[in-house]
Amino acid sequence: MTDTSATTWRVMTWNILGAQHPDISEIAAVLSEQRPDVVSMQEVQRAQLRRLAKHLGWHAVWARKHYPYSPLLWWRAEGIAILSPWAVSARMRTTISPGVSTWVYKHRVLLAATVTRRNGAVRVFNTHLASHDADERLAQARRVADRIRSDASHCKILTGDLNTTDDSEIEVLREFRAVGLNDAGGTVSNPSIAPMQRIDYVLLPTAATVVSSHTPEGGELWANLSDHLPVLVEFTVGPNG
């Protein structure tokens, strides 16, 4: 018999390469068309997120990842974000690259927030793991997994740019499976002009059922927005996550 108490969520992750000044109105148009309940973004500047949230009338939280130039140019700081048409609360930010200065791109963070609708809530974790060092990427994945493990929320999901361009994919995903999060499935998402590698993920609790996973085929129109394609996953989950 079908569980009528199950709820459906649409979750998107997208690295928008904010340093290249993407067209925020075009990104907003994509989100309006796809109708996600939650969007996790990487490489987004705070001002860009504010414009996007205002354009859509959505709620958003942001966490600084690093200053690409200097704190004097604070408006150029890159970060990660969670935004939603629903209520967003209980923001949490933590560093997952201890000892690395916030002035360099190798500094990495984890952002979390709770998105609440009338029929349920999800705890969303968003991160952007190391791009060039497989050992550090795995260490960061373990720190993320430890933080997720310690969170008492019922329904937890992890989104982000995991940068698993090599054999580290198996080890990184193993860390997250150990805390009850499984790959929702997907396809190549980078580079957006002609995708060849899968590095953008949505991970769901074991109790979730994947309804669909969608990533655009890519091409020039998408490449004008970012070097990554958005990944959208629709899933259902029961009242206990």
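The values are calculated or read from the model by the stated rules, or taken from the named source; none is laboratory data. All of these numbers come straight from a predicted model, not from anything done at the bench. We place every Cβ from the backbone using ideal geometry, glycine too, and count neighbours over all the protein chains shown. Note: accessible area is taken over every heavy atom of the protein model, side chains too, but ligands, DNA and RNA are not part of it. Shrake-Rupley method; radii C 1.70, N 1.55, O 1.52, S 1.80 Å.
Of all residues in segment 219-236, at least one satisfies being within 19 Å of the chain's Cα centre (by Cα), among the acidic types (Asp, Glu) and open to solvent by 10 Å² or more (accessible area, probe 1.4 Å). Scanning segment 1-51 for residues that are open to solvent by 60 Å² or more (accessible area, probe 1.4 Å) and hydrophobic (A, V, I, L, M, F, W, C) gives a single hit, 1. So for segment 73-82 (the condition being assigned to a helix (DSSP H, G or I), open to solvent by 10 Å² or more (accessible area, probe 1.4 Å) and among the aliphatic types (A, V, I, L, M)), does at least one residue qualify? The answer is yes, given that some residue of segment 73-82 is assigned to a helix (DSSP H, G or I), open to solvent by 10 Å² or more (accessible area, probe 1.4 Å) and among the aliphatic types (A, V, I, L, M).
Checking each residue in segment 57-72 for being assigned to a loop (DSSP other than H, G, I, E, B) and either among the aromatic types (Phe, Trp, Tyr) or at pLDDT below 95 (or both) picks out 58, 67, 68, 69, 70. Report whether or not residue 183 is under 24 Å from residue 44 (Cβ atoms) and either more than 13 Å from the chain's Cα centre (by Cα) or modelled with pLDDT of 95 or more (or both). In short, yes. Scanning segment 1-38 for residues that are of a type outside the set (Ser, Thr, Tyr), without any contact (Cβ under 8 Å) to a residue 60 or more places away in the chain and closer than 20 Å to residue 209 by Cα turns up 1, 35.
Residue-wise test of (1) closer than 17 Å to residue 40 by Cα; (2) open to solvent by 60 Å² or more (accessible area, probe 1.4 Å); (3) charged (D, E, K, R).
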position: 199; (1), (2), (3): yes, no, no
position: 202; (1), (2), (3): yes, no, no
position: 210; (1), (2), (3): no, yes, no
position: 214; (1), (2), (3): yes, yes, no
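Report whether or not residue 13 is at pLDDT below 95, among the β-branched types (Val, Ile, Thr) and either in contact with a Leu (Cβ under 9 Å, 6 or more places away or on another chain) or not in a strand (DSSP E or B) (or both). No: the conditions fail for residue 13. Summed over segment 100-129, residues that are surrounded by 23 or more Cβ atoms within 10 Å (Cβ to Cβ) and of a type in the set (A, V, I, L, M) total 8.
Here the strands (runs of 3 or more DSSP E) wholly within segment 106-209 that include at least 3 residues being touching a Ser or Thr at 6+ places or on another chain (Cβ under 9 Å) and either touching a residue at least 40 places away in the same chain (Cβ under 8 Å) or not β-branched (Val, Ile, Thr) (or both) are 109-117, 120-128, 156-161, 200-205. Note on segment 153-173: among residues that are touching a strand residue (DSSP E or B) at 6+ places or on another chain (Cβ under 9 Å) and surrounded by fewer than 19 Cβ atoms within 10 Å (Cβ to Cβ), the one that is nearest to residue 191 (Cα to Cα) is 165.
All of 143, 149 fail the test of being of a type in the set (D, E, K, R), out of contact with any strand residue (DSSP E or B) (no Cβ under 9 Å at 6 or more places or on another chain), open to solvent by 60 Å² or more (accessible area, probe 1.4 Å) and within 30 Å of residue 7 (Cα to Cα), apart from 149.
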